[in-house]
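Take a look at the structure set out below.
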Amino acid sequence: MFILFILAGTSFFASQFRSLPIRANSVFSNPAGLGLRPGYEAVLNYHPDLITAGLVIRYFSAAMRKADSLYYWETGTGYKLPGAFSIGYAYRFGEINEHILGAMGMISNELSIGYTAKIGDDWHMFGGLAIRPLADYVVLCGDIEYETTYKTTNYYAGIMIQPLSGLKAHFETDQELNWSTGLEISLGKMILGGLYSSTDNKISGGVIFSSDDYPTFLSKEEKIPDYLE
């Protein structure tokens, strides 16, 4: 189910990697993203087997995840440290109870790193980085997951291409070549996303509403890239 969430449960590229901040989904991926800036956002992701919804109010988030007939709830917060780094904490409860610690560093316009540790009956640790060889157009990402109970290691990689501001195409895969591909369109205060996953041959979709404007091709005004906001 966890791999299903990574590759099909969220339609937004940044949500799938620990080194990329996207506030609306940060409580699910890396709560350190909640500390990057204040504001208000709401998100809904729909997959036939998985539904996630969340609300962000300034640096705090509350979210719900429904996997088949099971419900999980998450709350979290983040804090921006002086310099390049931010930290965060989330608590997951319902069918399971877990604590998630997160850290993120926006080292430069070309490089960011991220780390999360899930503490519960077992430990899941993720470490990852994002490289932007062409900062406004191409992002390369990679994550490593380590699970302590069975001592397993998994790898995830992805690429995002942005031909126009606010128009993104992306592809991600794990080491078993379970892959997904999707498209995101920003309308300013709303982002629409769609995803096709090879794990179940199904399509999922998502929408983000934000009080702040994300970059979009609909406006000629020069905006800060969303991964720096």
Among (1) out of contact with any helix residue (DSSP H, G or I) (no Cβ under 9 Å at 6 or more places or on another chain); (2) under 20 Å from SER29 (Cα atoms) - the single one ASN154 does not satisfy
(1)
Counting only residues that are closer than 14 Å to PRO163 by Cα, aliphatic (A, V, I, L, M) and in contact (Cβ under 8 Å) with a residue 60 or more places away in the chain, region 123-149 contains a total of 2
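For residues that are assigned to a loop (DSSP other than H, G, I, E, B) and not hydroxyl-bearing (Ser, Thr, Tyr), scanning just region 46-91, find the one that is surrounded by the fewest Cβ atoms within 10 Å (Cβ to Cβ). Step through it out loud before you land on a result.
Applying the first criterion (assigned to a loop (DSSP other than H, G, I, E, B)) to region 46-91 yields 48-49, 58-59, 68-69, 81-84.
Applying the additional criterion that residues be not hydroxyl-bearing (Ser, Thr, Tyr) yields 48-49, 58, 68, 81-84.
Values: PRO48: 10, ASP49: 15, ARG58: 12, ASP68: 8, LEU81: 13, PRO82: 5, GLY83: 9, ALA84: 14.
Residue satisfying both the conditions and the ranking: PRO82.
Can TYR156 be described as outside any strand (DSSP E or B) and surrounded by 17 or more Cβ atoms within 10 Å (Cβ to Cβ)? If you could, list the steps in order and put the result at the bottom.
Values: outside any strand (DSSP E or B): no; surrounded by 17 or more Cβ atoms within 10 Å (Cβ to Cβ): yes.
So TYR156 does not fit the description; no.
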Please enumerate the residues belonging to region 202-229 that are modelled with pLDDT of 90 or more, of a type in the set (Gly, Ala, Ser), touching a Ser or Thr at 6+ places or on another chain (Cβ under 9 Å) and surrounded by fewer than 20 Cβ atoms within 10 Å (Cβ to Cβ).
GLY205
State which residue pairs qualify: first residue on the phi > 0 side of the Ramachandran plot and inside region 42-64, second residue surrounded by fewer than 20 Cβ atoms within 10 Å (Cβ to Cβ) and modelled with pLDDT under 95 in any location, beta carbons under 6 Å apart, and separation of 6 or more residues or different chains.
ARG58/PRO38
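Tell me the residue from ILE96, ILE22, ILE100, ILE113 that is surrounded by fewer than 15 Cβ atoms within 10 Å (Cβ to Cβ) and β-branched (Val, Ile, Thr), please. Lay out the reasoning, then the answer.
Numbers: ILE22 fails: surrounded by fewer than 15 Cβ atoms within 10 Å (Cβ to Cβ); ILE100 fails: surrounded by fewer than 15 Cβ atoms within 10 Å (Cβ to Cβ); ILE113 fails: surrounded by fewer than 15 Cβ atoms within 10 Å (Cβ to Cβ).
When all the criteria are applied, what remains is ILE96.
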Single match in GLY193, GLY158 (criterion: closer than 28 Å to ILE57 by Cα and touching a residue at least 24 places away in the same chain (Cβ under 8 Å)):
GLY193
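The values are calculated or read from the model by the stated rules, or taken from the named source; none is laboratory data. Values in this document were obtained by computation on a predicted structure and should not be read as measured data. Positions of Cβ are backbone-derived with ideal geometry, glycine not excepted, and every protein chain shown enters the neighbour counts.
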